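Asker: Quick one: the structure is below, and I'll ask about it shortly.
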Amino acid sequence: MALARHVLLVEDDPLVRMTLVEGLSDSGFAVLEAEDAEMALRMLARHPEIALLLTDINLPGADGFALARAARVLRPDLPVVYASGRFRQAEPGRGLAGAPFLAKPFSVACAAATIAGAMRALG
């Protein structure tokens, strides 16, 4: 069975989101996109093929930490990757255990490798 490669990208900056969607698509991922946590949760509920959540921490409304916890209620085994331009690492105790963190700016190649590794880790 082929590894699912559908990623839900949650990023409120349109330019960053567009760049990542294009780059991750070129890297072989099918990317769905959302600009906030509310939209992301609706997409997770409607798209069972989503295999990983890549979320910015700083989102309008619910932040990426709250989004990841809510996503895990819907999908308990969903891998999560956090990203932020304001922090160099996830705040201790706020992120999900074992969830990778990408400090912005990061390359698309780095994001693709991190996503692939998180998907592999799940099995």
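Asker: Could you work out the relative contact order of the chain, using alpha carbon pairs under 8 angstrom and six or more residues apart, expressed as a whole percent?
Answerer: 23
Asker: In whole Hz and in residue order, list the ³J(HN,Hα) couplings for the range 75-81 that follow from phi through the Karplus curve 6.51 cos²θ - 1.76 cosθ + 1.60, θ = phi - 60°; x for Gly and Pro.
Answerer: Once rounded to whole Hz, the list reads 9, x, 9, 5, x, 10, 10.
Asker: When V16, V80, V31, V10 are ordered from fewest to most other Cβ atoms inside 10 Å of their Cβ, what list results?
Answerer: On the way: V16 16, V80 23, V31 20, V10 27.
In increasing order of surrounding Cβ atoms, one gets V16, V31, V80, V10.
Asker: Provide the per-residue ³J(HN,Hα) series for the range 100-113, in order, calculated from phi with Karplus coefficients 6.51, -1.76, 1.60 and θ = phi - 60°, each as a whole number of Hz, with x at glycine and proline positions.
Answerer: x, 10, 10, 8, 6, x, 10, 7, 4, 4, 5, 4, 4, 5
Asker: Next up: When S84, S25, S107 are ordered from fewest to most other Cβ atoms inside 10 Å of their Cβ, what list results?
Answerer: On the way: S84 19, S25 13, S107 10.
Final ranking by Cβ density, sparse to dense: S107, S25, S84.
Asker: With θ set to phi - 60°, apply the Karplus curve 6.51 cos²θ - 1.76 cosθ + 1.60 along the range 52-60 and write out the HN-Hα couplings as whole Hz, x wherever there is a Gly or Pro.
Answerer: 7, 10, 10, 10, 5, 7, 8, 10, x
Asker: Taking Cα centroids, how far is the range 50-119 from the range 15-37 in Å?
Answerer: Cα centroid to Cα centroid, the span is 14 Å.
FYI, it's all coordinate maths here, none of it is from the lab. In this text, all values refer to a predicted model and were calculated from it rather than measured experimentally. Every residue, glycine as well, gets a Cβ built from its backbone with ideal geometry; the counts of neighbours run over all protein chains shown.
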